[in-house]
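The values are calculated or read from the model by the stated rules, or taken from the named source; none is laboratory data. Everything numeric here is computed off the predicted structure, so don't read it as measured data. Don't worry about glycine lacking a Cβ; one is built from the backbone with ideal geometry, like all the others, and counts go over all protein chains shown.
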Amino acid sequence: MPTDTPMADRLAIADLFTRFALMLDTRRYDDADAVFTDDVEIHGPRGDLGGFDTVVEFLRRAQVEGEHTQHLTTDLMVDLDGDRATASANSLVYFYRDGSPPHRISGLRLTCTVVRTPVGWRLRESRTALLWMREH
């Protein structure tokens, strides 16, 4: 399948959302260059951040010792416009500790701008809205 077709682009953007979730869940922030552009902007419940190094450092500092996450992303919608696209999705995030069921669950709405780079599609801007949260 040629990589310049709309279907291939949509699949690549879906893979990007999966890489984003897996990077967060596995805490493999050294893989962030496979997710973000250098000039990435993140807007969310914890504030606004700009720039690759700033975002990665924030993610490292935001870790809670002994707490893990599992991100489930669904309902991905992609609107392609050449080498740019807007994409939105719902995300459920489960927070848990080893061997224990989740102690917190949250529902998020992601709205992103993604761009085609020489190494593939990357997140340029991400807006996360916290829709709900339940503590156990």
Next on the checklist: Every residue in the stretch 15-40 that is hydrophobic (A, V, I, L, M, F, W, C) and either buried (at least 17 other Cβ atoms within 10 Å of the Cβ) or farther than 26 Å from Pro102 by Cα (or both), please.
Outcome noted: Leu16, Phe17, Phe20, Ala21, Met23, Leu24, Ala32, Ala34, Val35, Phe36, Val40
Next on the checklist: So, in the stretch 15-33, exactly how many residues are touching a residue at least 24 places away in the same chain (Cβ under 8 Å) and touching a helix residue (DSSP H, G or I) at 6+ places or on another chain (Cβ under 7 Å)?
Outcome noted: 2
Checklist entry - With (1) in contact with a helix residue (DSSP H, G or I) (Cβ under 8 Å, 6 or more places away or on another chain); (2) loosely packed, with under 13 Cβ neighbours inside 10 Å; (3) of a type in the set (A, V, I, L, M) as the list, and Ala89 as the residue in question, which single condition is left unmet? => result (2)
Next on the checklist: Suppose the filter is part of a strand (DSSP E or B), touching a Ser or Thr at 6+ places or on another chain (Cβ under 6 Å) and either charged (D, E, K, R) or under 16 Å from Arg124 (Cβ atoms) (or both); does Asp39 pass it?
Outcome noted: no
Next on the checklist: For the stretch 94-123, give me the residue count where each residue is without any contact (Cβ under 8 Å) to a residue 40 or more places away in the chain, loosely packed, with under 15 Cβ neighbours inside 10 Å and outside any loop (DSSP other than H, G, I, E, B).
Outcome noted: 3
Item to check | Count - residues of the stretch 34-49 that are without any contact (Cβ under 8 Å) to a residue 12 or more places away in the chain and touching a helix residue (DSSP H, G or I) at 6+ places or on another chain (Cβ under 7 Å) | outcome: 1
Next on the checklist: I need a count of the residues in the stretch 32-63 that are farther than 24 Å from Leu131 by Cβ and of a type in the set (S, T, N, Q).
Outcome noted: 2
Checklist entry - Looking at the stretch 1-54, which of the residues that are farther than 27 Å from Phe95 by Cβ and of a type in the set (Ser, Thr, Tyr) is modelled with the lowest pLDDT? => result Thr3
Next on the checklist: I'm trying to understand the selection: among the residues of the stretch 4-44, which are among the aliphatic types (A, V, I, L, M) and in contact with a Leu (Cβ under 9 Å, 6 or more places away or on another chain)?
Outcome noted: Ile13, Ala14, Leu16, Ala21, Met23, Leu24, Ala32, Ala34, Val35, Val40, Ile42
Next on the checklist: So for the stretch 60-67 (the condition being surrounded by 15 or more Cβ atoms within 10 Å (Cβ to Cβ), modelled with pLDDT of 95 or more, of a type outside the set (S, T, N, Q) and not in a loop (DSSP other than H, G, I, E, B)), does at least one residue qualify?
Outcome noted: no
